[in-house]
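Peer 1: Take a look at the following structure, please.
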Amino acid sequence: MPASRETASFKFNHTMLRIKDPKASLAFYTEVLGMTLLRELNMGDFTLYFLAYEDDNLSPDEKSSSVFARQGVLELTHNHGTEKDPNFQGYASGNSEPGKGFGHIAITVANVEEACARFEKLGVSFKKRLTDGKMRHIAFILDPDGYWIEVVPHTLDLSTKSIQ
């Protein structure tokens, strides 16, 4: 169904994940996954970090001001103090009880095998390697908080023939 006049300007902007330790998470998303930190907002008792893949060579001001005008943004929310709290159990990833519901985020890559070899070399934890299960052309890695990240090729054929 085509967008109505009332919804024609709507776009999916971002999704938010709560994180325990911003140093570990920011290093993972910027250094391991290659995302760019667009904006950081300290709100007093929590800080928001907005990341995305770069499409252009934007100035720092342009990156910051474009956060809500673009698609595919990841917002990481850090509630201050969790990184130092030995009793903090972490957040539900959504893939186990309690809190089952949310599943994963996904990135696309030009070559899944090369990306997975790089992740392996960097010591990234895997939930599903390319050699696991029926779908041998996708992998799942874990971020520092245990959130699942699906790694898929830029072009993915999900027909029955391609997954057997």
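The values are calculated or read from the model by the stated rules, or taken from the named source; none is laboratory data. Being a predicted model, the structure only gives us computed values, none of them experimental. Here the Cβ is made from the backbone with ideal geometry for all residues, glycine too, and neighbour counts use every protein chain on show. Keep in mind that these areas ignore ligands, DNA and RNA; they rest on the heavy atoms of the full protein, side chains included. Shrake-Rupley method; radii C 1.70, N 1.55, O 1.52, S 1.80 Å.
Peer 1: Ignoring ligands, DNA and RNA, what percent of the 1.4 Å accessible area of the chain is carbon and sulfur?
Peer 2: Whole-percent figure for carbon plus sulfur exposure: 52.
Peer 1: Share of Cα-Cα pairs in region 1-85 beyond 18 Å, in percent?
Peer 2: Summing the P(r) of region 1-85 above 18 Å gives 49 percent of all pairs.
Peer 1: For a quick check: with amide H placed at 1.01 Å from N, whose amide H comes under 5 Å from Phe46's, ignoring anything fewer than 5 positions away on the same chain?
Peer 2: His80
Peer 1: Taking every DSSP beta bridge with both residues inside region 14-118, roughly what % is antiparallel (nearest 5)?
Peer 2: Restricted to region 14-118, the bridges split so that about 65 percent are antiparallel.
Peer 1: Right, another one. For region 8-47, state the average projected area of the convex hull of the C-alpha atoms over all orientations, rounded to one decimal in nm².
Peer 2: About 4.1 nm², averaged over all directions.
Peer 1: Mind checking the dipole of region 20-164: about its Cα centre, +1 per Lys or Arg Cβ, -1 per Asp or Glu Cβ, Debye to the nearest 20?
Peer 2: 580
Peer 1: Regarding the chain, what are the three Cα extents along the principal axes, ordered largest first, in Å?
Peer 2: 51, 50, 33
Peer 1: With θ set to phi - 60°, apply the Karplus curve 6.51 cos²θ - 1.76 cosθ + 1.60 along region 3-14 and write out the HN-Hα couplings as whole Hz, x wherever there is a Gly or Pro.
Peer 2: Calculated HN-Hα couplings, in order: 5, 7, 4, 5, 10, 4, 8, 6, 9, 6, 9, 8 Hz.
Peer 1: How big is D, in µm² s⁻¹, for region 49-142 by Stokes-Einstein at 37 °C and 0.692 mPa s if Rh is the Kirkwood radius over C-alpha pairs?
Peer 2: 198
Peer 1: What number, in percent, do you get for the relative contact order of the chain if the mean sequence gap of Cα pairs under 8 Å and at least 6 apart is divided by its residue count?
Peer 2: The value is 21 percent.
Peer 1: Now a separate question. Amide H neighbours of Lys127 under 5 Å, at least 5 residues apart or on other chains, H built in the peptide plane: list them.
Peer 2: Close amide H contacts, sequence-distant or interchain: Phe140, Ile141, Leu142.
Peer 1: Right, next: In terms of modelled amide H atoms, which long-range or inter-chain residues lie less than 5 Å from the amide H of Thr36?
Peer 2: Those qualifying (amide H under 5 Å, at least 5 residues apart or on another chain) are Ala52, Tyr53, Glu54.
Peer 1: Gap in Å between the Cα centre of region 8-22 and the Cα centre of region 131-152?
Peer 2: 20
Peer 1: Further question on the same structure: Rounded to whole Å and sorted largest first, list the principal axis extents of the Cα atoms in region 42-83.
Peer 2: Rounded to whole Å, the extents work out to 35, 18, 16 Å.
Peer 1: Then there is this: Give me the net charge for the shell around Leu122: Cβ to Cβ below 14 angstrom, other residues only, Lys and Arg +1, Asp and Glu -1.
Peer 2: Summing Lys/Arg as +1 and Asp/Glu as -1 gives -2.
Peer 1: In Å², and per residue, what accessible area does region 90-131 have when probed at 1.4 Å with the other protein chains present?
Peer 2: Value for region 90-131: 63 Å² per residue.
Peer 1: Also, I was wondering about something else. Stretched out fully, how many nm does the piece from His137 to Lys23 gain, at 0.36 nm a residue minus the Cα gap?
Peer 2: 37.9 nm
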